[in-house]
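The values are calculated or read from the model by the stated rules, or taken from the named source; none is laboratory data. Owing to the predicted nature of the structure, the values given are computational and were not obtained by experimental measurement. We place every Cβ from the backbone using ideal geometry, glycine too, and count neighbours over all the protein chains shown. The area values use the complete protein model at the heavy-atom level, side chains included, leaving out ligands, DNA and RNA. Shrake-Rupley method; radii C 1.70, N 1.55, O 1.52, S 1.80 Å.
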Amino acid sequence: LKEIPLGIALLDANSATTLWANGAFQSLVESGTGIRDVIDLVPSDYVPGLDRVDWEQSARRESKTLLPDQTMSRHRLQFVAQSTRNIAYWEWTLQPLITADRQYQLLTIFNVTESVMNERLLATVGRSAERARRHAEALVRLTQLVNASLTPSVLLQAITQEAAAYFDTARAAVLLLTPDREHFTVGYSIGL
């Protein structure tokens, strides 16, 4: 456990004080909060943004031995990292460890900042792709309407409706330049 990259700490089940932590755990906490040594501290002292009530509820819930088909609850928290001053995200889990003579809790912490940022980026890209698809469909419909040789009034109505759909708005208008090229007239409008 000393050498794995996952941050692991062993806690006393009764007092929740940290008895042991591997190097990855110590490094993670130091980069997140600047605290170098977590031994004899409780997690709410060194896990940034850890709500004491959330911690106590998790400790009570996880104090029972999990059945094989049950999974640990993962908790995500957001904070500003001490080392970078950037927003960081950690996930932590708590699991009971019972030996013949004593009860412990195993706290694992891992940095999920990159995963969270990737999830957000994918969501943004998905929204952009959906918007681009809607815009392309509106342009295709508009092209079909123009090619259908509609009457000018029906064509203006169709153009206005497709423009409103394209810009995702409830208001739109087609303005026509007057023959004197000095003024506009409203050819057709929606919501104005």
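Taking into account only those residues within the range 12-47 that are in a loop (DSSP other than H, G, I, E, B) and touching a residue at least 40 places away in the same chain (Cβ under 8 Å), which is farthest from Phe110 (Cα to Cα)? Break it down stepwise before answering.
So the first thing to find is which residues in the range 12-47 are in a loop (DSSP other than H, G, I, E, B), and the list is 13-17, 22, 34-42, 47.
This time we only want the ones that are touching a residue at least 40 places away in the same chain (Cβ under 8 Å), so: 13-14, 16, 34, 47.
Values: Ala13: 21, Asn14: 24, Ala16: 19, Gly34: 16, Val47: 11 Å.
Of everything passing the filter in the range 12-47, Asn14 is farthest from Phe110 (Cα to Cα).
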**Asked** What is the residue count in the range 90-105 for residues that are surrounded by fewer than 17 Cβ atoms within 10 Å (Cβ to Cβ) and within 18 Å of Gln26 (Cα to Cα)?
**Response** 2
**Complete:** Log entry, pairs with first residue in the range 168-181 being over 17 Å from Gln157 (Cα atoms) and β-branched (Val, Ile, Thr), second being open to solvent by 100 Å² or more (accessible area, probe 1.4 Å) and in a strand (DSSP E or B), beta carbons closer than 8 Å, six or more apart or on different chains, reads Thr178/Phe184
**Request:** Taking Ile39 as meeting all but one of (1) of a type in the set (A, V, I, L, M, F, W, C); (2) more than 21 Å from Asp101 (Cβ to Cβ); (3) open to solvent by 20 Å² or more (accessible area, probe 1.4 Å), write down the number of the exception.
**Result:** (2)
**Asked** For residues in the range 1-34 being within 29 Å of the chain's Cα centre (by Cα), open to solvent by 50 Å² or more (accessible area, probe 1.4 Å) and among the aliphatic types (A, V, I, L, M), which is nearest to Ala88 (Cα to Cα)?
**Response** Leu6
**Asked** Quick one: would you say Ser115 is out of contact with any Gly (no Cβ under 8 Å at 6 or more places or on another chain), part of a loop (DSSP other than H, G, I, E, B), exposed (fewer than 15 other Cβ atoms within 10 Å of the Cβ) and at pLDDT below 90?
**Response** no
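I'd like to verify a number: residues in the range 52-64 that are in contact with a Ser or Thr (Cβ under 8 Å, 6 or more places away or on another chain) and either within 16 Å of Thr93 (Cβ to Cβ) or surrounded by 16 or more Cβ atoms within 10 Å (Cβ to Cβ) (or both), how many?
Going residue by residue through the range 52-64, those that are in contact with a Ser or Thr (Cβ under 8 Å, 6 or more places away or on another chain) are 52, 55, 58, 61-62.
Then keep just the ones that are either within 16 Å of Thr93 (Cβ to Cβ) or surrounded by 16 or more Cβ atoms within 10 Å (Cβ to Cβ) (or both); that gives 55, 58, 61-62.
So the answer is 4.
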